[in-house]
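Bear in mind these aren't lab numbers, they're just calculated from the coordinates by the rules spelled out. On a predicted model such as this, the values are computed, not experimentally measured, just so you know.
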Amino acid sequence: MGTFIIVLIIIGLAWWGIKKISKSSNEPHEELFSETSIEIKKNAENINQNYLIEQNRIKEKRKESLKNRTKTTGKFTVTGYKYLSNEARKIVRNELNIGDEVKLVTDPKNQYDNYAIKVMFNNTHIGWFSAKGYRQKEIFNELTNGNDIKVTILQNTKSSGYIEAKFEYNIK
């Protein structure tokens with residue numbers, strides 16, 4: 001896009017210069033300037049056409065790349081520690097370790113978030129997939145469609161309840 005703008009500026013300056021020279025002189029090289037400006041316009045049109053072709057090629061390449069993708073991964077923070085029962089907090093502090101697998105379950109009755117996702121460990125609710133989390137709606141839809149999502153704990157700061165996890169799932 002930047003190249004296109006620069007070419008347009010050059011064309012504009014060339015056109016302005018040609019007009020200025022042609023007004024100040026009635027010499028025979030007016031025709032030469034006119035031919036040069038036409039050539040510059042043609043070059044600018046070619047550059048613009050090539051730019052549009054390249055942009056379309058890039059878009060198609062991205063689409064193809066997404067189509068061939070079989071797995072997606074990411075990280076998120078488990079939130080809501082302060083709202084957990086004492087039993088759940090005790091499990092987070094004493095049992096939940098780095099490398100443990102947890103389960104994600106949709107929480108359709110959540111009054112604060114239409115795409116709420118519970119994080120479960122040993123059948124105990126230990127928090128929620130962060131509402132500001134990475135691709136929350138996409139993951140909610142994957143869970144709703146029956147896709148199994150593998151979630152592993154990356155960090156558990158047991159004293160504060162800060163938990164970070166990674167997810168991985170196969171795209172259907």
>> Using the Karplus curve 6.51 cos²θ - 1.76 cosθ + 1.60 with θ = phi - 60°, what ³J(HN,Hα) values do you get for each residue of segment 46-56, in whole Hz, with x for Gly and Pro?
In response: 5, 4, 4, 4, 4, 4, 5, 4, 5, 4, 5
> In whole Hz, what ³J(HN,Hα) sequence does segment 105-115 give by Karplus (6.51, -1.76, 1.60; θ = phi - 60°), x for Gly and Pro?
Replying inline: 9, 5, 10, x, 8, 5, 7, 9, 8, 5, 10
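Grab the eigenvalues of the alpha-carbon gyration tensor for segment 71-170, scale each by 5, take roots, and send me the semi-axes largest first in whole angstrom.
Details: eigenvalues 83, 47, 26 Å².
So the equivalent ellipsoid measures 20, 15, 11 Å along its semi-axes.
If I stretch the segment between residue 6 and residue 98 completely, what's the gain in nm (0.36 nm per residue apart, minus their alpha carbon distance), one decimal?
Numbers: separation 92, 0.36 × 92 = 33.12 nm, distance 5.33 nm.
Length difference between fully extended and current span is 27.8 nm.
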